[in-house]
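The block underneath contains the structure these notes are about, expressed in structure tokens.
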Amino acid sequence: MNFPIYFDYQATTPVDQRVLDTMLPYFTSAYGNAASRSHAFGWKAEEAVDTAREQIASILGASSKEVVFTSGSTEAINLAMKGVGEMYGSKGKHIVTCLAEHKAVLDTAKHMEKEGFEVTYLEPDSNGAVTAQQVAEAIREDTILVTIMWANNEVGTVNPIREIGAICRERGVLFFTDGTQSVGKIPVDVEADNIDLLCFSGHKLYGPKGVGALYVRRRKPRVRLVAQMDGGGHERGMRSGTLNVPGIVGLGAACAVAEKDLEKDMAHSIAMRERFEEKIFGALDHVAINGNENSRLPGCSNLSFAYVEGESLIMGFKDLAVSSGSACTSASLEPSHVLQAMGVGDELAHSSIRFGFGRLTTAEEIDFAAEQVITAVKKLRELSPLYEMVQEGIDLSTIAWTGH
Amino acid sequence: MAYSEKVLDHYDNPRNVGSLDKNSTEVGTGIVGAPECGDVMKLQIKVEGDTIVDAKFKTFGCGSAIASSSLATEWIKGKKVDEAMAISNTEIVEELSLPPVKIHCSVLAEDAIKAAVADFKQKQDGEESA
């Protein structure tokens, strides 16, 4: 085993060797500008981009003409939401989204509010999911866009995208989903799932950072966007800027591998997660799973270890690279907005850790990690005045705490 | 976030972890903080005459909070009660090289000492008037 061991696959993933091998020639020998029409360097680059476009279309169940390359999901989210807002703003000014979305969506929505749009933020249930019913009730005459993430990046909960898409289709409202955590991880089909716009990033599915794509539906309905950057009119006028050819080649290759290996990858991640959770729950009490146990990303396990604080826990497993829902890891002292929106108490939010498993995770690593986690939790509970009180039978909610 | 070596040392080898008999008249207990804020410290002192002869703590909180309370127990043991009251959070910040975002941990430790002493004094006053 190499230390530290990586358990943060929702943050980013390593580039798959097969992907890297495909990319490399496009840095040094086939380095042409895909927009150069007058020589072989340009033709070769354009051909590579076309191949990548086909590979991406294939994993999404889309047509290659519906793929717009971007620098990643954040840019694609900005382009989708602001682009729809500007294009259809004369039809209506209302947008529906959810409190558990990624900050890239929430902050874009806030920006649009300043420009005169009205945004409804749906509250997720205690598992972090929104229902089609909630979306149906929130849609108004002047709603032009519904933005609901496919799978949550913190707790892994998978939303009922097909049903939400069907409601949007029926009501004539465009449906954009942030597929950053779902593409390459679970089956995605923009036709069957009734999706009009979808974004994702290369680095979440074993591709490179700095490249992503936006799927923009061309038929039934044809979605139009106002570009958010002015320039050479690349990507059918929707996203100017010289194409990042090696990155795009990598994104395409990552999609091809992910599509081919989807079932194998899913089964592996689920097996790793189950092995991990079995060990944890077998050894520790007062542990809760955050997220929908029955509809969760295969490689995501967000756990709250009651009566111990997340950051101190992370200090306890020095050989594991994980992420905390606890605030203390960031400069702000607020706990995760996702856990808050789910109604997880601040106290448990401070005790939550996200473990992410993926293609390279091994059973040996899982066993090692579970052992470290169990040891750290036990040690910190020995240190915890809260755990002591609970052992003494004191109800923590009856204590007058001196908050600060 | 990188922790100072002293914080790591207190985290790995916390001093004086445990509990004293909270019902004893010689023991003062201070519990400060709140679970929803992410830190709770329990600090206890055992006093003989006007000297703190023992101190114990338990802390729910980040590594800096654990280190601050661990250090506080180390510092107050053997001190007179009044000397313990004079310990300020800035001394803890300096000793542990806490970054600005962790200063509240040192404040909490200072508050815990003061709360434990206040609890002890209250018990003594109760004894005298009884």
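The values are calculated or read from the model by the stated rules, or taken from the named source; none is laboratory data. Values in this document were obtained by computation on a predicted structure and should not be read as measured data. Cβ sites come from the backbone with ideal geometry, for glycine too, and all protein chains shown count toward neighbours. Just the protein is used for accessible areas: all its heavy atoms, side chains included, with ligands, DNA and RNA removed. Shrake-Rupley method; radii C 1.70, N 1.55, O 1.52, S 1.80 Å.
Laid out as a table, the results:
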item	result
Straight-distance crosslink candidates among lysines, where the alpha carbon sits under 23 Å from A:LYS220 and sequence neighbours closer than 8 are dropped	A:LYS65, A:LYS82, A:LYS91, A:LYS93
Check: the range B:27-102 dipole with +1 on Lys, Arg Cβ and -1 on Asp, Glu Cβ, in debye	240
Given charges at beta-carbon only (K, R positive; D, E negative), |dipole| of the range A:31-189 in Debye	340
Accessible surface of chain A [probe 1.4 Å, protein heavy atoms]: carbon and sulfur percent	51
Spacing of the two label points (7 Å from each Cα toward its C-beta) at B:GLU83 and A:THR242, in nm	7.1
Partner chain coverage, peptide B:105-112 - average Cβ within 10 angstrom	1
Cross-link partners of B:LYS121 among lysines (Cα-Cα below 29 Å; sequence separation of 8 or more within a chain)	B:LYS22, B:LYS42, B:LYS46, B:LYS56, B:LYS58, B:LYS77, B:LYS79, B:LYS80
The range A:1-58 shape via C-alpha gyration tensor axes, a/c threshold 1.5	prolate
Protein accessible surface hidden between B and A, which excludes ligands and nucleic acids, total in Å², probe 1.4 Å	2700
Electrostatic dipole magnitude of the protein assembly as shown [Cβ: Lys, Arg +1; Asp, Glu -1; Cα centre; debye, to 20]	2180
Carbon and sulfur %, accessible surface of chain B computed with the full protein complex present, 1.4 Å	48
Inter-chain shielding of A:16-29 (mean C-beta neighbours from other protein chains, 10 Å cut-off)	0
Spin-label model distance (nm) - A:PHE27 vs A:MET229, 7 Å beyond Cα toward Cβ	2.1
Normalised per residue, the volume of the convex hull around the Cα set of the range B:54-130 (Å³)	88
GNM flexibility winner over chain A from A:TYR88, A:TYR307, A:TYR387 (Cα, springs under 10 Å)	A:TYR387
P(r), alpha carbons of chain A - 20 Å bins starting at zero, rounded %	27, 53, 19, 1
Calculated from backbone phi, Karplus (6.51, -1.76, 1.60) coupling profile of the range A:81-94 in Hz, x at Gly/Pro	6, 6, x, 5, x, 5, 6, 10, x, 6, 7, x, 10, 10
Cα→Cβ-extended label distance, 7 Å offset, between A:GLU141 and A:GLU191, nm	3.7
Lysine pairs with alpha-carbon atoms under 25 Å apart, the range A:243-397, spacing 8 or more or separate chains	6
Selection from A:TYR88, A:LEU99, A:VAL155 lying farthest towards where the dipole of the range A:66-162 points positive, charges on Cβ	A:TYR88
Inter-part distance where the range B:23-86 and the range A:1-39 are each reduced to a Cα centre, Å	53
Between the range A:100-147 and the range A:60-84, the Cα center-to-center distance that results, in Å	19
For peptides B:82-88, A:146-152, A:77-83, sequence by mean Cβ density within 10 Å, most packed first	A:146-152, A:77-83, B:82-88
Per-residue [θ]222 nm for chain A (sum of -39500 (n - 2.57) over DSSP H runs n ≥ 4, rounded to 500)	-12500 deg cm²/dmol
